[in-house]
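Okay, so here's the structure we're looking at.
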Amino acid sequence: MQQSTDTAYREVLKLSEALLLCQRELAQVREDQEPLMEQCSAWRAESATAQAISSHLAASLADHLSRAFWEQREPGAAIGWRRFVTSRWPRLRKLFARWRPTAAMVEAEHIRLIEASPFFQPAWYLQQHADVALACINPAAHYLHCGAAEGRDPGPEFSTRDYLERYPELAQSGVNPLVHSLQSTAA
C-alpha cells in the first residue's frame, strides 16, 4: 500500500510539474500573441479606412459616369421626351402614334429607369464588381446589357437570380429583370 501511495505521489508531482510547464508556455504564448493582436487591430483600422475610401471613390465614380453618360446623349433622345412633347402639344399625338422609338431610345429609357430605381445603387454595384469600375463603364448601362445576364445584382435589395426564378420566361426573352420589375409596377 505504501508503494502505491508513493507511486501516486510521484505521479501527482510529475503532473504538477507538467501543469506548471504548460502554464509557463501558455503565459509565453499570450505574451507573444499580444503584439500580434495589436498588429491585427491596426490592420483592421487600416482596412476600415480603406473600405471607406473605396466606397467614397465608387460613389464618386458612379456619379461621374452617370453624369457623363447623360451629358453625351442627344437632347430628346429618351422616350420621356416624347411624352413631354405630346402633353404640351396634343396635335402631335397623331404623328407620334405612328412613330416608334429606336433601339437607342429604348436603351436610354431603360438606363434612365435603372438609374432612377431605388433598387439600383451605382456605388454598391461598382464596389461589388470591380471589373466594371476598372473598365469605366456606366454601371446602369453595364447592368442593362451584361450584369443581369451574368446574374449580378443591381443593389443589395434586388436579387436578379430570385427575380428570374419567379419569371423564368425573362431569361429566354433577354428582358432585363429590373426593367421588367419597374415597368410592371409602373403599369
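Some notes on this structure:
- The set of residues in the stretch 139-148 that are touching a residue at least 40 places away in the same chain (Cβ under 8 Å) and among the hydrophobic types (A, V, I, L, M, F, W, C) comprises 140, 141.
- Scan of the stretch 141-154 for residues that are at pLDDT 95 or above and farther than 10 Å from residue 129 by Cβ, ordered by number: 154
Here's the yes/no breakdown for (1) at pLDDT 75 or above; (2) closer than 28 Å to residue 134 by Cβ; (3) within 44 Å of the chain's Cα centre (by Cα):
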residue: 29; (1), (2), (3): yes, no, yes
residue: 58; (1), (2), (3): no, yes, yes
residue: 80; (1), (2), (3): no, no, yes
residue: 84; (1), (2), (3): no, no, yes
residue: 88; (1), (2), (3): no, no, yes
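- Among the residues of the stretch 121-138, those identified as in contact with a helix residue (DSSP H, G or I) (Cβ under 6 Å, 6 or more places away or on another chain), farther than 17 Å from residue 52 by Cβ and either in contact (Cβ under 8 Å) with a residue 24 or more places away in the chain or not in a helix (DSSP H, G or I) (or both) are 122, 125, 138.
- Subset of the stretch 149-182 [part of a loop (DSSP other than H, G, I, E, B), within 13 Å of the chain's Cα centre (by Cα) and touching a residue at least 24 places away in the same chain (Cβ under 8 Å)]: 152, 153, 154, 156, 157
- Looking only at residues in the stretch 128-159 that are polar (S, T, N, Q) and farther than 21 Å from residue 106 by Cα, the one that is surrounded by the most Cβ atoms within 10 Å (Cβ to Cβ) is 128.
The values are calculated or read from the model by the stated rules, or taken from the named source; none is laboratory data. This structure is a prediction, so every number in the text was calculated from the model and none was measured. Cβ coordinates were reconstructed from backbone atoms using ideal geometry, including for glycine residues, and neighbour counts include every protein chain displayed.
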